[in-house]
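J.: Before we start, here is the structure in question, set down as structure tokens.
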Amino acid sequence: MNDQANQPRVGQAIGASLEATKQNLLDVTQRFVAADADEELRDRVEPIVDSLTSHFSKVAFVGQVKAGKSTLVNCLTHKADLLPSDINPWTTVVTQLNFGHPSGRHSGAIFRFFDDAQWDRLAKRGGRLGELTEGLLEDYKKEMLNEQVEAMRHRAQLRLSDQFETLLGKAHRFEKVNRSVIERYVCSGDAPQERIRNPQAGRFNDITRVAEIYFEQEPFGTPICVMDTPGINDPLLIREEITQQHLENAEYFVVVLSAHQPLTESDVRLVRILKALKRDQIVVFVNRIDEIHHLAEDFEELRGRVKANLNNELEGLDVPVLMGSAAWANYSITGDESDIDPEALEEFAKFRGVELPEGGLENADEPTRRAIARQVSGLTELEDTLSTMLLNGAKSSFLGSAASALVSLSRQSSEQTKIRLDYLSQESGPGRTVLTPETKEEAIKLVRDRLSMRAHAITQAGRNAWAKLLTNLEGDATKFAKAQQEGLAGVLATLKRGQDIHIDLDPLRDRLRDNYVKRFDEIQNRIWLDLRALSKELRELFDPEIEKRLRHINIETLGVLSLSPRTDPLYRTVTLDLSTGWLGSLFESSGTKAEKMVNTIQVQFADMCRELIESRREEFETAVERSANSYIIDVTRILEELAGKNVSSVDTSEAKREADAAEAQAQLELTETVVKELEGIAEELGLETELDD
Amino acid sequence: MTDNSSHMPELAVLSEFLSLTAQEESSGGLHDEAHRLYVGLHSQPRVAVAGEFSSGKSSLVNLLVGTDLVQTSVLASRLPTILYEYGTEQKIMVGWWSDTAEDKREFADLDSAAELKPDFIRVTLPADILRMVSLIDLPGTNDPLRAKERTLEMADNAHILLWCTNAVQAWRETERRTWSQLPGQLKENGILVITHVDLPSIRKSLDRLMKRMTDELSSHFHALIPFQSPKAAKARKDGTVSNKTAWEEAGGAQLLENIATLAATVRKESLASARALIEKEINPRLEALRAEAAASVPKPGEILEEWRSTVDGIVSRVEGDKSIGTDEFLSLCRAAVQDVSRMLEHPGLEGPAVAALKAEFRGAAHMFDQSRLADGDEGPEEAALILLQLGYELGSFAAQDG
Ligand SMILES: Nc1nc2c(ncn2[C@@H]2O[C@H](COP(=O)(O)OP(=O)(O)OP(=O)(O)O)[C@@H](O)[C@H]2O)c(=O)[nH]1
Ligand SMILES: Nc1nc2c(ncn2[C@@H]2O[C@H](COP(=O)(O)OP(=O)(O)OP(=O)(O)O)[C@@H](O)[C@H]2O)c(=O)[nH]1
Ligand SMILES: [Mg+2]
Ligand SMILES: [Mg+2]
């Protein structure tokens, strides 16, 4: 069969454009390293090359139960039927499909099981409810959730009997996988006590924490991990919990909606969490359009409404909204017509202006029908959008940092060679270096001391700012909690069994988030300015002649700039702890109960705030330290050069000197070409490479 | 609304009790309870059709009542609640839950009625099913642009629940949660309608879907019914079944049966409660209330006195404040008419003269209600003439008596 529908589009494979730029950068870097044999330079370049070669884009498919995530992932990866799908809620495990994994592993699978601690945490998290924006957990729900967790344990034990305990914390590894192996781990399967269609399906799913499956990079253009996740808004609250816990592991998101209900409150809530995680590389795929009768009439309005609502939610961020059908895409790949309504396909193809053969779809041969299905399935748009997203994401992250670091290093290298050439061509002969070994050591010490003093001050100022912010946030939480207390006591006094209590915690979350993000930006900006000023200050320690030579060296700020605030802990569910239990608490006064509840809110939010701050503070400190170290390495290299490190000793002959000069000249030319090319790439990526002054 | 009082003596008792206790603010609980039962018996049980947006509620209601007044679309509808009641002809009216008086304005279509932002739109239709039950087509939930609390409130006015869930994503947490917040009594009379089962992706494994639904939900619902709107619509054109087999296969027959069963149950329960209330609480008090009422029958002279002082009040109000607007003037007139009407409704007042007078006042109230008065300056003039005329009639009634 040679129909095109079945083949990934060559040269337009997802991520091919990103890969091309990356390869280009690597090639130039290779020539750069070949031209300059300096050991220290290699040490500096190596991690950058690593960051390029080990980079692995991660795309997660998220959305409500039965939106069609698993089916869509199968289509995108051209692995029809790999991931199990079903009419009932099915996917239970975050399933990572790794294509061209940097570790070199390109086949087989690992299924990792919960260990005792993780299992416990899951069970406890089970006690905290998955309703992110609704806050407090009511009594009956707590019961319901405990039941669910119990049922899950029970089910696992039924299915695994005595294996259960021994499996926890272990993993199952396979050299080869197929659908039936995967089915044992990642989907819920039929309940074990029932008449069972497939006794193996779902066997291990309750204890599987994550599934990693490995493939060659084909059909993708770049190493990539495509993640399928359990659906949100499942009455089995644990599934949503699992997905939420994994959101941070991906950088790109395909939010799958069902065209039957384009954009519900639940979807909006998911998008809000993504926004809180600062994950704005999102594409929305409105799936199942094949099932909507006479969609043509509502098509534009539907897309428009989804776009407008999202735009509103994301404060103006323009998210691409694609419309399509995994069923049509699947048909185009497999030729399996069983889920297809040919009339709907024909009607929609006409609406999209697809040219149909005479006599309509019915008269078309199979390859043509499949090609038409592919055209209207939205799969091509999804591939293209993902490609663009991957490239843009890379520009503002690893690819961008690598390119600008390489530009700076290549410029330094050329400076170094120029210094050497200067010496070699001096009339008065070699030996008249600008720095003696002693003055060089002094200079290095001078820079080192000043740098470490300033870096310490920057770190200290940062710590103070973070501490102040923490106090601030805790104050917000306390104020909010106290304000609730009185009203809460009233509500509790009249509360009947089974009734819900509502405390809307979203205003608090939003206030904390806004406050945190604002101060985060301020702190980041402060550090950035301090580092820039420091670069200047350090250069000014030197005579103009030396300073001129150091002009390409700056304290790197990309590490600091690439950090972003993490607000997701705020959106975790907050537990209401009436520790005595419902019955016991009946005998307490509602005032005491309210106070207890308010305390729980306060304590939990204080924990969250601490978490928000501590991890980021450490990251900032590491970034500053790393920049300072690189700076010292770079400056030392130039100063060594100025002290004549690479120039032959005094007694060499004129001829030797000339030969050295010629060699340096050749190297300079090579390096200059490299500089030009790197600057070209950086420009293509939209980076600033102009010098300060 | 059909009147069942003719074959239900309980209704007559409740009605008498209600009018005897109408003035008593303090009778509180009992009066309200009697009122609830009276409404429950007097009108058809109300069926609330609820579910998330685009779950197929309107498609279902449309084909039950046999019209396509409400547009169905995959886009979330922006219409308010629609209440369908029996009537000999199609009328579209608006209403607010807090208003006791009926708004008699009629509208050409739903959209123009919706412009007034009413709590609900009331549609009367000569559809068979509406002789048995009233239907409430509720706004969908889980719509980011609409708060579900309003929908929940509206469900308070219903006796039977049809919860629509789309088979494609049946019974998600948001649905379960909203459903769980409905009043307990309503949930007890619930039917789960699983829509969209005609779709190919559902048809091939419907048994497995139904298995899950049955395991999880059969104890929470009176029935779980897989439903196919498109097929049902073809089988039942304009409210009558033309293709019995298709109607059955679509789930229509099963749905109607279950609605009928629940409606009968609701009626039986209301009747039993009414009987119990009459026996235990009302009958023992009825004689005393009647005697009390007989003693407190307003004298025609007193009614006339009340009328005159109210009208004098209006006159001095208008003369004292020249800036008083037409609308305010008309609403003062309307209040005066209602006041005296209420006095005339006293059960102790009887006879053809009273009946004639009541009719006069009702007619006048109707004029004010419907703003049937002329536009512009002639409106107030006409209103004043009506007041004059009514005063005249009241005067001669009082004179006859005295
Ligand atoms: N007609 C139609 N059916 C679809 C489409 N996408 C998925 N399906 C079907 O819908 C059902 C659910 O698809 P899944 O891929 O399991 O959905 P999911 O989002 O992964 O579901 P969970 O893992 O349970 O959250 C399957 O029977 C699919 O064959 C579509 O675009 N059109
Ligand atoms: N195939 C199929 N489509 C249905 C069925 N029921 C409803 N639909 C379609 O689903 C969409 C939504 O139906 P509506 O009846 O408007 O849904 P609703 O619940 O009233 O929606 P809102 O009023 O917006 O809350 C429409 O496009 C209907 O044609 C069904 O049983 N099968
Ligand atoms: Mg799935
Ligand atoms: Mg509707």
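The values are calculated or read from the model by the stated rules, or taken from the named source; none is laboratory data. Source: prediction; values computed, not measured. A quick note on method: Cβ atoms are made from the backbone with ideal geometry, for glycine too, and the neighbour counts reach across all protein chains shown. Note: areas computed on protein heavy atoms with side chains; ligands, DNA, RNA excluded. Shrake-Rupley method; radii C 1.70, N 1.55, O 1.52, S 1.80 Å.
J.: With the requirement that a residue be of a type in the set (Gly, Ala, Ser) and either at pLDDT 75 or above or surrounded by 14 or more Cβ atoms within 10 Å (Cβ to Cβ) (or both), what does region B:372-402 give you? Break it down into steps so the answer makes sense when it comes.
T.: Our first condition is that a residue be of a type in the set (Gly, Ala, Ser); within region B:372-402, this holds for B:374, B:376, B:379, B:383-384, B:391, B:395-396, B:398-399, B:402.
Answer for region B:372-402, where residues must be of a type in the set (Gly, Ala, Ser) and either at pLDDT 75 or above or surrounded by 14 or more Cβ atoms within 10 Å (Cβ to Cβ) (or both): B:GLY379, B:ALA383, B:ALA384, B:GLY391, B:GLY395, B:SER396, B:ALA398, B:ALA399.
J.: Taking region B:89-102 as the search range and keeping residues that are without any contact (Cβ under 8 Å) to a residue 60 or more places away in the chain and in contact with a helix residue (DSSP H, G or I) (Cβ under 9 Å, 6 or more places away or on another chain), which one is surrounded by the fewest Cβ atoms within 10 Å (Cβ to Cβ)?
T.: Keep residues of region B:89-102 that are without any contact (Cβ under 8 Å) to a residue 60 or more places away in the chain, which gives B:89-96, B:98-100, B:102.
With in contact with a helix residue (DSSP H, G or I) (Cβ under 9 Å, 6 or more places away or on another chain) added as a condition, the list becomes B:92-94, B:102.
Values: B:ILE92: 20, B:MET93: 20, B:VAL94: 23, B:GLU102: 11.
Across region B:89-102, the extreme among qualifying residues is B:GLU102.
J.: Which condition number does B:VAL47 fail, the rest of (1) in a loop (DSSP other than H, G, I, E, B); (2) touching a His at 6+ places or on another chain (Cβ under 8 Å) being met?
T.: (1)
J.: Checking B:ASN62 against (1) more than 16 Å from ligand 4 (Cβ to nearest atom); (2) assigned to a helix (DSSP H, G or I), which test does it fail?
T.: Checking B:ASN62 against (1) more than 16 Å from ligand 4 (Cβ to nearest atom); (2) assigned to a helix (DSSP H, G or I), the one that fails is (1).
J.: If I filter region B:236-293 down to residues being polar (S, T, N, Q) and over 30 Å from B:ASP198 (Cα atoms), which single residue comes out as surrounded by the fewest Cβ atoms within 10 Å (Cβ to Cβ)? Break it down stepwise before answering.
T.: Looking only at region B:236-293, we keep the residues that are polar (S, T, N, Q), and these are B:240, B:242-243, B:245, B:254, B:258, B:261, B:265, B:270, B:273, B:283.
With the extra rule that they be over 30 Å from B:ASP198 (Cα atoms), the set shrinks to B:265, B:270, B:273, B:283.
Numbers: B:THR265: 16, B:SER270: 20, B:SER273: 16, B:ASN283: 12.
The extreme case among them is B:ASN283.
J.: Are any residues in region A:72-87 over 21 Å from the mean Cα position of the chain (by Cα) and more than 7 Å from ligand 1 (Cβ to nearest atom), and if so, which ones? Spell out the reasoning first.
T.: Step one: list which residues in region A:72-87 are over 21 Å from the mean Cα position of the chain (by Cα), which gives A:74-75, A:78-87.
Result: A:ASN74, A:CYS75, A:HIS78, A:LYS79, A:ALA80, A:ASP81, A:LEU82, A:LEU83, A:PRO84.
Conditions (1) among the charged types (D, E, K, R); (2) closer than 30 Å to B:VAL168 by Cβ; (3) in contact with a Ser or Thr (Cβ under 7 Å, 6 or more places away or on another chain); (4) open to solvent by less than 10 Å² (accessible area, probe 1.4 Å), marked per residue:
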| residue | (1), (2), (3), (4) |
| --- | --- |
| A:LYS170 | yes, no, no, no |
| A:ARG179 | yes, yes, no, no |
| A:TYR185 | no, yes, yes, yes |
| A:SER188 | no, yes, yes, no |
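J.: Condition first: within 16 Å of ligand 4 (Cβ to nearest atom) and either in the same structural domain as B:PHE368 (by TED's automatic domain parsing) or at pLDDT below 95 (or both). Now tell me which residues in region B:84-109 satisfy that.
T.: B:ASP109
J.: A follow-up question, please. Against the condition open to solvent by 30 Å² or more (accessible area, probe 1.4 Å), farther than 17 Å from B:VAL193 by Cβ and either within 16 Å of ligand 1 (Cβ to nearest atom) or among the polar types (S, T, N, Q) (or both), how does B:THR81 come out, does it pass? Before the answer, list the steps.
T.: Details: open to solvent by 30 Å² or more (accessible area, probe 1.4 Å): no; farther than 17 Å from B:VAL193 by Cβ: yes; either within 16 Å of ligand 1 (Cβ to nearest atom) or among the polar types (S, T, N, Q) (or both): yes.
When the stated conditions are applied, B:THR81 does not pass them.
J.: Okay, moving on. State yes or no: is A:LYS58 more than 16 Å from ligand 4 (Cβ to nearest atom) and open to solvent by 30 Å² or more (accessible area, probe 1.4 Å)? Let's see the steps before the verdict.
T.: Working: more than 16 Å from ligand 4 (Cβ to nearest atom): yes; open to solvent by 30 Å² or more (accessible area, probe 1.4 Å): yes.
Answer is yes for this residue.
J.: Assess whether B:PRO144 counts as being within 30 Å of A:VAL65 (Cα to Cα) and in a loop (DSSP other than H, G, I, E, B). Step through it out loud before you land on a result.
T.: Numbers: within 30 Å of A:VAL65 (Cα to Cα): yes; in a loop (DSSP other than H, G, I, E, B): yes.
The answer is yes for B:PRO144.
J.: Among the residues of region B:181-210, write down those that are more than 8 Å from chain A (Cβ to nearest Cβ) and farther than 19 Å from B:GLU248 by Cβ.
T.: B:LEU182, B:PRO183, B:GLY184, B:GLN185, B:LEU186, B:LYS187, B:GLU188, B:ASN189, B:GLY190
J.: Out of curiosity, is A:GLU347 at positive phi, away from every other protein chain (no Cβ under 14 Å) and either in contact with a Cys (Cβ under 6 Å, 6 or more places away or on another chain) or open to solvent by 70 Å² or more (accessible area, probe 1.4 Å) (or both)?
T.: no
J.: I would also like to ask the following. Between A:LEU26, A:LEU41, A:LEU18, A:LEU72, which is within 14 Å of chain B (Cβ to nearest Cβ) and either surrounded by fewer than 23 Cβ atoms within 10 Å (Cβ to Cβ) or not small (Gly, Ala, Ser) (or both)? Please lay out each step first, then the result.
T.: On the way: A:LEU26 fails: within 14 Å of chain B (Cβ to nearest Cβ); A:LEU41 fails: within 14 Å of chain B (Cβ to nearest Cβ); A:LEU18 fails: within 14 Å of chain B (Cβ to nearest Cβ).
Answer to the check: A:LEU72.
J.: Just one of (1) within 14 Å of chain B (Cβ to nearest Cβ); (2) near ligand 1 (Cβ under 10 Å from one of its atoms) trips up A:GLU241, so point out which.
T.: If we test A:GLU241 against (1) within 14 Å of chain B (Cβ to nearest Cβ); (2) near ligand 1 (Cβ under 10 Å from one of its atoms), just (2) comes out false.
J.: Can we say A:ARG272 is within 14 Å of chain B (Cβ to nearest Cβ), open to solvent by 10 Å² or more (accessible area, probe 1.4 Å) and within 16 Å of ligand 3 (Cβ to nearest atom)? Give the steps one after another, and end with the answer.
T.: Values: within 14 Å of chain B (Cβ to nearest Cβ): yes; open to solvent by 10 Å² or more (accessible area, probe 1.4 Å): yes; within 16 Å of ligand 3 (Cβ to nearest atom): no.
Answer is no for this residue.
J.: For B:SER55, indicate whether it is within 16 Å of ligand 4 (Cβ to nearest atom), open to solvent by less than 20 Å² (accessible area, probe 1.4 Å) and within 14 Å of chain A (Cβ to nearest Cβ).
T.: Working: within 16 Å of ligand 4 (Cβ to nearest atom): yes; open to solvent by less than 20 Å² (accessible area, probe 1.4 Å): yes; within 14 Å of chain A (Cβ to nearest Cβ): yes.
Spelling it out, B:SER55 is indeed within 16 Å of ligand 4 (Cβ to nearest atom), open to solvent by less than 20 Å² (accessible area, probe 1.4 Å) and within 14 Å of chain A (Cβ to nearest Cβ).
J.: Any chance you could count how many residues in region B:211-235 are within 16 Å of ligand 1 (Cβ to nearest atom), farther than 29 Å from B:MET154 by Cα and surrounded by 19 or more Cβ atoms within 10 Å (Cβ to Cβ)?
T.: Total meeting the criteria: 0.
J.: Conditions first: (1) at pLDDT 90 or above; (2) open to solvent by 10 Å² or more (accessible area, probe 1.4 Å); (3) within 14 Å of another protein chain (Cβ to nearest Cβ). A:GLU265 passes all but one, so which condition is the exception?
T.: Only one criterion is unmet by A:GLU265, namely (1).
J.: Looking at (1) open to solvent by 10 Å² or more (accessible area, probe 1.4 Å); (2) under 24 Å from B:THR174 (Cβ atoms), can you tell me which one A:THR243 breaks?
T.: Here A:THR243 clears every test but (1).
J.: With within 15 Å of ligand 2 (Cβ to nearest atom), in contact with a Leu (Cβ under 8 Å, 6 or more places away or on another chain) and among the β-branched types (Val, Ile, Thr) as the only criterion, which of B:ILE136, B:ILE129 stands out?
T.: Details: B:ILE129 fails: within 15 Å of ligand 2 (Cβ to nearest atom).
From the options B:ILE136, B:ILE129, the qualifying one is B:ILE136.
J.: Another question about this same structure. For A:PRO235, state whether it is farther than 13 Å from A:THR92 by Cβ and either facing chain B (nearest Cβ under 8 Å) or within 16 Å of ligand 3 (Cβ to nearest atom) (or both).
T.: Working: farther than 13 Å from A:THR92 by Cβ: yes; either facing chain B (nearest Cβ under 8 Å) or within 16 Å of ligand 3 (Cβ to nearest atom) (or both): yes.
In short, yes.
J.: Please identify the pairs in which a residue from region B:113-137 that is at negative phi and in the same structural domain as B:SER98 (by TED's automatic domain parsing) has its Cβ atom under 9 Å from the Cβ atom of a residue that is open to solvent by 30 Å² or more (accessible area, probe 1.4 Å) and within 16 Å of ligand 1 (Cβ to nearest atom), counting only partners at least 6 apart or on another chain.
T.: none
J.: Sort out for me the helices (runs of 4 or more DSSP H) sitting completely within region B:189-280 that have 3 or more residues that are away from ligand 3 (no atom under 16 Å from the Cβ) and either free of Cβ contacts under 8 Å to residues at least 12 places away in the same chain or outside the structural domain of B:ARG176 (by TED's automatic domain parsing) (or both).
T.: Details: elements: B:200-203, B:206-217, B:229-235, B:244-249, B:252-277.
So the answer is B:206-217, B:244-249, B:252-277.
J.: Taking the residues in region A:35-84 that are over 30 Å from B:ALA167 (Cα atoms) and of a type in the set (A, V, I, L, M) as candidates, determine which candidate is nearest to ligand 2 (Cβ to nearest atom). Can you show your working first?
T.: Step one: list which residues in region A:35-84 are over 30 Å from B:ALA167 (Cα atoms), which gives A:35-58.
Keeping just the survivors that are of a type in the set (A, V, I, L, M) gives A:35, A:37, A:41, A:45, A:48-49, A:52.
On the way: A:ALA35: 66, A:ALA37: 70, A:LEU41: 65, A:VAL45: 59, A:ILE48: 54, A:VAL49: 55, A:LEU52: 49 Å.
That would be A:LEU52.
J.: When the residues of region B:73-88 are filtered to those that are more than 15 Å from the chain's Cα centre (by Cα) and more than 14 Å from chain A (Cβ to nearest Cβ), which remaining residue is nearest to ligand 3 (Cβ to nearest atom)? Before the answer, list the steps.
T.: Of region B:73-88, the ones more than 15 Å from the chain's Cα centre (by Cα) are B:73-79, B:88.
Of the ones still in play, those that are also more than 14 Å from chain A (Cβ to nearest Cβ) are B:79, B:88.
Working: B:LEU79: 34, B:THR88: 53 Å.
The qualifying residue nearest to ligand 3 (Cβ to nearest atom) is B:LEU79.
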